[in-house]
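Notes follow once the structure below has been shown.
Please treat every number below as a calculation from the coordinates, not as lab data. What you see is a predicted model; the values in this text were computed from it and never measured. Because the Cβ atoms are built from the backbone with ideal geometry, glycine has one as well, and the counts that use them run over all protein chains shown.
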Amino acid sequence: MRRAPERRGPMRRGLLTRGAPDRESTGLRTGRAARAGQYLALLAYLVFLAFPFVWLISTAFKPARELGSLHPTWIPENPTLDNFRQAFDEQPLLQAAGNSLVAAVSAALIAVVIATPMAYVMARHRGRLATAATGWVVVSQAFPFVLVIIPLFLILKNLHLINTLWGLILVYVVWSLPFALWMLAGYVRAVPTELEEAAAVDGAGRVRTLVSVVAPLLAPGIVATALFAFITAWNEFFFALVLLKTPEKQTLPVVLTHFLGAEGVADLGPLAAAAFLATLPSLVLFAFIQRRITGGMTAGAVKH
Amino acid sequence: MTSVTATKRSGPDDPHGGRSGRDGHGGQGGRPRKGWRPGPPGPPRGKAFGDRAAWFLVLPALIPILILSVGPLLYGIALAFTDAQSGRTRSTQWIGTLNFQDLLHDTLFWDSFRIGLVWAVGVTVPQFLLALGLALLLNQNLRLRWLARALAIVPWAMPEVVVGIMWRLVYNPDAGILNETIRDLGLGDGRDWLTGLATALPAVILVGIWAGMPQTTVALLAGLQNTPRELHEAAALDGAGAWRRFRTVTWPAIKPIALAISALNLIWNFNSFALVYVLTSGGPGGRTRLPMLFAYEEAFRYGQFGYAAAMGCVMVAVISVLLALYLVGRLRGGEDR
């Protein structure tokens, strides 16, 4: 792994630069103090980033009596699963999770199936088509949802796809395309062109080459991209809120907001329990693909 | 918008005016053909890519993009000039710029717009500084760095709705950990953060900062790992302190990424919806009513499609101008140095 420059810097300096001994020694001392400071700062960051999630878990396992207490504790004194039971009683969580699952799986599969060929063109084609596609990917990052949602609502209404999972899936597919294209194009660029040239010599056309030579090599990247599209769709709220009206059709994030009630006076225990459960799939999948996503994102962003 | 050009490729600068003679897999000998833009420097990309094959491969994604992304955008702009409403039997009329004239005098909208700007800047700037600090730390050879890296991206994986719910539990006046900590430290009784007129906006801004930390940190970390280490060592040899090394070596290397991610963050934050919807629904008294929430209510609660679309247009226009000014200013600032 990368070594911190500070470690070697001062020592080398001691050998090579004479005539600045006082600066030298202080440099070494602050190095050690700085290290301690760095650990302290890192600890502060971790506390800041982790404490809300710890609190969510703690609340989810607390019995009602502890939740009502004026002096809440970090660790539940009598942990219970009552909140989970109550959450399933109060709202149709299983049905909502089923809807979310169908929407997210379909959107992820369709997205990678149609994005892979386009990403291949973006990475390998040298024409205006590829430039335009890349341009759309960049511009769509800045797309104003507010301007798009009303027409989308009207278009889907005309297609009789409002209040259906299929309408939502279509929106999710298009909505996850920019990121999928960006990732996949980065993976394609990493495939050596010699293989494709060899396939071309053997008489394979572009489509054939993509299907039987490039796609198998991309498989890990395609899986990572599909999982990311799944997470995005699983977590999405705004489109689902606007496009799905009846409770039987709604996805998990929308149903979660029903726990909040009209005045926002929520039953904290079941709310926390349901929120915790809804997060688990995303967290688990994200742990799997974390390295690939961060790598793929930057492969496209950083020029060598 | 850009992909519209993809549908009319036979522009004036295309000598062939069509696809004839440009399809297929010709390109023998790797000779660049007319109508092909020379590629950026780098290794040659094998033989030329047939246009017909390219179209065939792009089409499955292009059609949904045109229907559900480019189309709606243009449709949305058109709607802003109509009196479209939901559930009305009378047909929609063109009304010119009437919506925009109304909007000009709509003080509620401009209040909301101001709140949106405060929110977007108030989230983006601290978020960038905090993420930069975290990225610099994670780039060091510290123990437990793997754990820190894993924890640092947890907020990224969470549904925004859950983030909102989680922070409501933290901010809860009675059962929340924030007020409990304040009471433990003897700093008073705490307060009702999300419903207090003065505290609601700062409270949601803090959540916004928390939620967007991972993306920013990961992007900056990638930039840092691309900084040439030799430069760092050379600077250290010359006796440059940590700050000087940051100013002269690190910052120039990560500046493009820093600009890109902060510009994107500004847009994303300005378009933010779910977090604040869950945290406060825009209350108390509209103190946290971001423009997205305002437009959502206008469109889907009151059914004023045309008017809401006009709001969208204004939001996009103002944000574009601000971003252009920011980017031009930053890039110029870089040239002077």
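For this structure, a couple of remarks:
- Hull shadow area, averaged, region A:83-301 [alpha-carbon convex hull, nm²]: 14.0 nm²
- A simple spin-label model places pseudo-atoms 7 Å from Cα toward Cβ; at A:GLU197 and A:ARG32 they are separated by 5.8 nm.
- FRET E, pair B:PHE100, B:LEU259, Förster distance 41 Å, beta-carbon r, rounded to 0.05: 0.85
- Separation of region B:165-182 from region B:286-301 is 26 Å, based on Cα centroids.
- Size-normalised alpha-carbon gyration radius of region B:102-336, reference 2.2 N^0.38 Å: 1.18
- Between amide H atoms placed 1.01 Å from N, distances below 5 Å from B:THR82 occur with B:ILE95, all of them 5 or more places distant or on a separate chain.
- Average partner coverage of B:242-251, which counts Cβ from other chains inside 10 Å: 1
- Test item: B:135-145 mean partner chain Cβ contacts at 10 Å: 4
- For the pair B:THR199 and B:ARG90, a Förster radius of 51 Å applied to the C-beta separation gives a FRET efficiency near 0.65, rounded to the nearest 0.05.
- Using the Cβ-Cβ distance between A:ASN78 and A:LYS245 with R0 set to 56 Å, the FRET efficiency from 1/(1 + (r/R0)^6) comes to roughly 0.85.
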